[in-house]
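The values are calculated or read from the model by the stated rules, or taken from the named source; none is laboratory data. On a predicted model such as this, the values are computed, not experimentally measured, just so you know. Quick reminder, even Gly has a Cβ in these numbers, built from the backbone with ideal geometry, and neighbours come from all protein chains shown. Keep in mind that these areas ignore ligands, DNA and RNA; they rest on the heavy atoms of the full protein, side chains included. Shrake-Rupley method; radii C 1.70, N 1.55, O 1.52, S 1.80 Å.
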Amino acid sequence: MVKEKFAQIYTRASERKGGDDELESLLSVPLSAQEIKTIPDDRWLAAFSQKVFQCGISWKVVRSKWPNFEEVFFQFNIEKMLLMPTDMWERKATDPAIIRHLTKVMTIPANAQMIHEAALEYGSFAAMVADWPESDIIGLWRYMKKNGKRLGGNTGPYTLRVMGKDTFLLTQDMESYLRNTGVIDGGRDTQKSLLATQHAFNDWQQETGRPLSQISQIISFSCGDNRI
């Protein structure tokens, strides 16, 4: 059960950020379903791969080397990724132009396979993502975790946010808020907690008409250590 009206959360976030205008300027705007459908599948693979490499590594370092990744992995062309034999992947994982990490490199063909299979069923991976209902966004998280590699936790959801799909994020501030208000009381990633969180966000969305991403950001801005 949601124990706090969203208007109260918004007021607190606004006060912390210096007013409504300042708060609104910080909020992201997700893409429409039609806009998401125009994103080529190779860009999804590139985005997933970048997020995987950013886990435990400086984001700045990964970004600085990313043009090399694009070159070494043929702009993440899905067909080429699926045709490469294992020994070629092992060689590429030793290329000094990229960040040499075999386990993370091997997520690329695994996630290329996930994207390929979704494209066979839905026309494109982007089409599947675009049409997935935000009222069950945790179902899309679950799909990526089950069918992809290293896309559990916040890696998959962060990638969705970056690519424009409307989603909330279970950041430390968000998890703390959900626990303090009694929305969740068990492990963050258990099915029980995820369902309770989804239901809470669905209620807030009905109350406000806002995207999940903005609701998520406003809640985070209303608490935690992100005061400006």
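Helix 41-54 against the longest principal axis of the chain: what's the angle in degrees, Cα atoms only, rounded to the nearest 10? Helix 41-54 sits roughly 80 degrees off the main axis of the chain.
Here, the stretch 168-223 has an Rg and a Dmax of 10.4, 29 Å when only alpha carbons are counted.
Rounding to the nearest 10 and keeping the result within 0 to 90°, find how far the Cα-based axis of helix 6-17 lies from the longest principal axis of the chain. Approximately 80 degrees, to the nearest ten. Largest accessible area first, the residues THR190, THR107 order themselves as THR190, THR107 under a 1.4 Å probe with ligands, DNA and RNA left out. Per residue, the chain exposes 49 Å² of solvent-accessible protein surface, assessed with a 1.4 angstrom probe and all protein chains in place. In terms of overall dimensions, the C-alpha atoms belonging to the stretch 82-228 reach 52, 35, 29 Å along their principal axes, ordered largest to smallest. Atom-type composition of the exposed protein surface of the stretch 34-163 places 53 percent of the accessible area on carbon and sulfur (1.4 angstrom probe).
Charge tally around SER32: other residues with Cβ under 14 Å, Lys/Arg +1 each, Asp/Glu -1 each, net -2. Among residues other than GLY153 whose Cβ falls under 11 Å from its Cβ, what is the net charge (Lys/Arg +1, Asp/Glu -1)? Here the charged neighbours net out to +3. Phi angles of the stretch 95-107 translate, via the Karplus equation with coefficients 6.51, -1.76, 1.60 and θ = phi - 60°, into HN-Hα couplings of 5, x, 6, 10, 8, 7, 7, 4, 4, 6, 4, 6, 6 Hz per residue; Gly and Pro are given as x.
Take TRP59: with every protein chain present and a 1.4 Å probe, its accessible area is about 110 Å². Axis angle, to the nearest 10 degrees, between helix 212-221 and the longest C-alpha principal axis of the chain: 60 degrees. Per-residue surface analysis assigns PHE74 an accessible area of about 80 Å², computed on protein heavy atoms at 1.4 Å probe radius. When shorter helices are ignored and each DSSP H run of at least 4 residues is given -39500 (n - 2.57), the per-residue value for the chain at 222 nm works out to -19000 deg cm²/dmol. Phi angles across the stretch 71-86 convert, under the Karplus curve 6.51 cos²θ - 1.76 cosθ + 1.60 with θ = phi - 60°, into 3J(HN,Hα) values of 6, 5, 9, 6, 6, 6, 4, 4, 4, 5, 4, 6, 8, 6, x, 4 Hz, Gly and Pro given as x. In this structure, the pairs whose alpha-carbon distance is over 23 Å, taken from LYS17/LYS65; LYS104/LYS146; LYS80/LYS104, are LYS17/LYS65.
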